[in-house]
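See below for the structure under consideration.
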Amino acid sequence: MPHLEISDLITATDPHSGARLPVRRADVVRRLRECGDQRAARIVDALPTDRDDVLDPAAVDRLMVSVHTELQRLSEELRIGDRLVHVLGPLFAAIRATAGHTGPFRLVDIGSGLGYLVRWLAATGALGPAVELVGVDLDAALVGEADRLARAEGLDCRFVHGNAFDLPEAATVYVSTGVLHHFRGPALAEFFQAQAASPALAFCHYDIAATRLAPIGAWIFHRARMRHPLGRHDGVVSALRAHSDETLLRAAAAPGIRPLLYEPRGLANPFCTTLRPILGIRPQLEAPLRQALGRASRRLVGPEQLTGTAR
């Protein structure tokens, strides 16, 4: 049976207009029970509704902001910003070194939530000058809170409610953290193909490494750090839904893109691995990227190198 995250089920958005759609609590509870997840069903069953059994949008928004605030604390503890810059820094150096790419550049964070990554990059200036930082999310409440935090912190970045691929300005690099496992089946390849078909030069998506220890580590970490049962539940389910190295490289092999995985399973310590990135770059960027990475370029492998490495 499929593993379902509660946060994916209690909000719904029209894919064209971005308008919020009503969600009936009974429908969500039924889906969770059909998947055999009685605990998740009980969590949803305790959420407030109106007299038509539609989940209270204000209550759901407060819950989502609260859970994502706790997720931000996890990102801080796991040093997510530093981890991304370890790869994004050399990636932007490679882009700058490529003839015809002098900037300005635009980084677009897909599913940015409360905007932790974008705000961290803005606060640290870790990617250097002339990089516009944009966070995009389909959840209006999260975008509103991200914007409020950025303004309170006086940061030069912006947040947009909508589809990251519908922005009027082209992205130079697409990024995300903890988003890929939400895409199932053909939707994962379609996600990568949309980026390959855009003017973007690269993408870099960090997600949970699919190791045997990941669900155990997620249970321990979320039990210790997350207060709400929804956050604890979804944290473990996220680890159970993580895509394998092979699945990611296969899905990311879109026309015009060279897929690369940083620190595949066979090159990483399973006791230390939490997130690792899948990259897609225009072929002309591979040589300058490897040069910019230096010795760390040995951790960057393509599909042809994975055999014997990730077993």
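Derivation of every value follows stated rules applied to the coordinates shown; laboratory data play no part. Computed from a predicted structure; not experimentally measured. Cβ atoms come from the backbone with ideal geometry, glycine included; neighbour counts cover every protein chain shown.
Quick check on packing: order 56-64, 142-150 by the mean number of other C-beta atoms within 10 Å, highest mean leading. Write down the numbers at each step before the final one.
On the way: 56-64: 16.0, 142-150: 19.8.
Per-residue Cβ counts within 10 Å, averaged per peptide and sorted highest first, yield 142-150, 56-64.
How would you order 256-264, 38-46 from highest to lowest mean count of nearby Cβ atoms within 10 Å?
Working: 256-264: 20.9, 38-46: 16.6.
My ranking of the peptides, most packed first, is 256-264, 38-46.
Once you put a point 7 Å from the Cα of Arg96 and another 7 Å from the Cα of Gln284, both along the Cβ direction, what distance in nm separates them?
1.9 nm
Check which residues have an amide H placed less than 5 Å from Glu132's amide H, if you skip close sequence neighbours.
Close amide H contacts, sequence-distant or interchain: Phe105, Arg106, Leu107.
Could you tell me the center-to-center distance, by alpha carbons, between the stretch 187-238 and the stretch 1-68 in angstrom?
19 Å
Which value in nm describes the separation of the simple spin-label points at Arg42 and Ala170, placed 7 Å from the Cα toward the beta carbon?
5.3 nm
Calculate the dipole size of the stretch 6-55 relative to its Cα centre from +1 charges on Lys and Arg beta carbons and -1 charges on Asp and Glu beta carbons; express the result in debye to the nearest 20. Provide the component values of the computation, followed by the final result.
Details: 9 positive and 9 negative charges, 31 e Å.
Dipole of the stretch 6-55, to the nearest 20 debye: 140 debye.
How big is D for the stretch 6-55, in µm² s⁻¹ as a whole number, if Stokes-Einstein is applied with the Kirkwood radius of its Cα pairs at 10 °C and 1.306 mPa s?
On the way: Rh = 11.3 Å.
Rounded, D is 140 µm²/s.
Find how much the distance from Ala19 to Gln291 grows on full extension, using 0.36 nm per residue of separation minus their present alpha carbon separation; answer in nm with one decimal.
On the way: separation 272, 0.36 × 272 = 97.92 nm, distance 4.51 nm.
93.4 nm is the gain from fully extending Ala19 to Gln291.
Suppose only helical runs count, i.e. DSSP H with n ≥ 4. What mean residue ellipticity at 222 nm does that imply for the chain under -39500 (n - 2.57) per run, divided by all residues and rounded to the nearest 500 deg cm²/dmol?
Values: 13 runs with 138 residues, N = 311.
Mean residue ellipticity, 222 nm, calculated: -13500 deg cm²/dmol.
May I have the extent of the alpha carbons of the chain along their three principal axes, as whole Å values ordered from largest to smallest?
For the chain, the Cα spread along each principal axis is 62, 44, 34 Å.
Residues of the stretch 111-141 with the amide nitrogen closer than 14 Å to a label point 7 Å from the Cα of Thr69, along Cα-to-Cβ, please.
114
For Cα pairs less than 8 Å apart in space and 6+ apart in sequence, what is the mean separation divided by the residue count of the chain, i.e. the relative contact order in percent?
On the way: 502 pairs, mean separation 49.6, N = 311.
For the chain, the relative contact order is 16 percent.
If I fit a long axis through the Cα atoms of helix 186-196 and take the longest principal axis of the Cα atoms of the chain, what angle between them do I get, 0 to 90°, rounded to 10?
Around 40 degrees separate the two axes.
Quick one: if the Förster radius is 30 Å, what FRET efficiency do Leu240 and Val54 give, using the C-beta to C-beta distance and rounding to 0.05?
Details: r = 29 Å, r/R0 = 0.97.
That pair, Leu240 with Val54, gives E of 0.55.
Residue by residue, what Karplus-based ³J(HN,Hα) values in Hz, rounded to whole numbers, does the stretch 277-284 have, using 6.51, -1.76 and 1.60 with θ = phi - 60° and x for Gly and Pro?
x, 9, 10, x, 10, 5, x, 5
In Å and whole numbers, how far do the C-alpha atoms of the stretch 172-295 stretch along each principal axis, longest first?
Answer, in whole Å and largest first: 45, 33, 23 Å.
Calculated FRET efficiency, Arg62 and Ala123, Cβ-Cβ r, R0 25 Å, to nearest 0.05? Intermediate results must be reported in sequence, preceding the final value.
Working: r = 26 Å, r/R0 = 1.04.
Approximately 0.45, to the nearest 0.05.
HN-Hα J couplings of the stretch 235-250 from phi, Karplus 6.51/-1.76/1.60, θ = phi - 60°, integer Hz, Gly and Pro as x?
Karplus values, whole Hz, x for Gly and Pro: x, 6, 4, 4, 5, 5, 8, 4, 7, 6, 4, 5, 4, 5, 5, 5.
Consider a paramagnetic label point 7 Å from the Cα of His228 along Cα→Cβ; state which residues of the stretch 106-120 have an amide N under 13 Å from it.
From the stretch 106-120, the list is 114.
Would you calculate the separation in nanometres between label points at Leu78 and Ala26, each defined as 7 Å from the Cα along the Cα-to-beta-carbon direction?
Label at Leu78, label at Ala26, 3.8 nm between them.
Amide H neighbours of Val175 under 5 Å, counting only residues 5+ apart in sequence or on other chains, H built in-plane at 1.01 Å?
Val108, Asp109, Ile110, Cys204
Hey, got the dipole for the stretch 71-148? About the Cα centre, +1 on K and R Cβ, -1 on D and E Cβ, debye to the nearest 20?
280 debye
For helix 140-152, what angle does its Cα long axis make with the longest principal axis of the chain, in degrees from 0 to 90 and rounded to 10?
Helix 140-152 sits at roughly 60 degrees to that axis.
Which value, in debye to the nearest 20, describes the size of the charge dipole of the stretch 63-306 about its Cα centre when Lys and Arg Cβ atoms bear +1, Asp and Glu Cβ atoms bear -1, and nothing else is charged? Write out the running numbers ahead of the final one.
On the way: 25 positive and 22 negative charges, 145 e Å.
Computed about the Cα centre, the dipole is about 700 debye.
How large is ³J(HN,Hα), in whole Hz, for each residue of the stretch 155-161 in order, when computed from phi with the Karplus curve 6.51 cos²θ - 1.76 cosθ + 1.60 and θ = phi - 60°, using x for Gly and Pro?
9, 8, 7, 9, 10, 10, 8
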